[in-house]
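Bear in mind these aren't lab numbers, they're just calculated from the coordinates by the rules spelled out. None of the values given here were measured: they were computed from a predicted structure. Note that each Cβ is placed from the backbone with ideal geometry, even for glycine, and that neighbours are counted across all protein chains shown.
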Amino acid sequence: MSLMIALHTLAAVIWVGGMFFAYMALRPVAAKVLEPGQRALLWCHTLSLFFLWVWVSIVTLLVTGYGMIGMYFGGMANTGWHIHAMQAGGLLMMLLFLHVYFAPYRRLKKAITADDTAEATRRVGQIRKLVGINLILGLIVVILGSGGRYL
Ligand code: HEM
């Protein structure tokens, strides 16, 4: 259990912390100091590295989350409401990520290859909104996952 909860928490820290840094620190500075073309390029390359870690985090969260439920809780029926809420919030975050990855992010890469700055800027704007939503969801899921059992 200790290994699974440690890996689970690490994956959550990497995913939610990465979104927090991107949204709260890199985004406002990039918007202020870079031209739209350079900004789209920065996001495309930064996200391509970060999204690899998000894939690793998602697999880790699912394997360790359901691993703990199967091996230590004896099934979903024996878990508290906070774990049900974490599962619902977590699955929603994963669906949103899949949408970002396969729709606006894929189109951002195409726009960069085609040197289409207007389209790339539009896609960066879409990704920004969706990552903002996922960041709020992620913060709520962390609060529920860590504090829920003491309520
Ligand atoms: C998607 C399916 C998920 C499942 C099935 C799941 C399952 C679990 C379980 C069984 C625990 C142990 C709870 C306890 O001992 O009371 C836990 C803890 C936790 N989970 Fe999840 N989880 C999921 C997704 C997520 C996501 C997406 C995040 C954050 C982004 C997250 C963050 C946490 C945190 C912060 C803890 C508390 C660690 C601690 O305080 O020791 N989980 N999760």
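Filtering the range 74-90 to residues that are more than 11 Å from the chain's Cα centre (by Cα) and within 6 Å of the ligand (Cβ to nearest atom) leaves I83, M86, Q87. Assessment of the range 138-149 against the conditions (part of a loop (DSSP other than H, G, I, E, B), among the hydroxyl-bearing types (S, T, Y) and either farther than 22 Å from P28 by Cα or near the ligand (Cβ under 9 Å from one of its atoms) (or both)) yields no matching residue.
Residue-by-condition table, conditions (1) assigned to a helix (DSSP H, G or I); (2) out of contact with any Cys (no Cβ under 9 Å at 6 or more places or on another chain); (3) near the ligand (Cβ under 8 Å from one of its atoms); (4) touching a residue at least 40 places away in the same chain (Cβ under 8 Å):
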site	(1), (2), (3), (4)
L42	yes, yes, no, no
L61	yes, yes, yes, yes
Y66	yes, yes, yes, no
M94	yes, yes, yes, no
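Scanning the range 8-36 for residues that are surrounded by 15 or more Cβ atoms within 10 Å (Cβ to Cβ) and over 16 Å from the mean Cα position of the chain (by Cα) turns up just one, A30. Looking across the range 1-40, the residues that are in a helix (DSSP H, G or I) and among the charged types (D, E, K, R) come down to R27, K32, R39.
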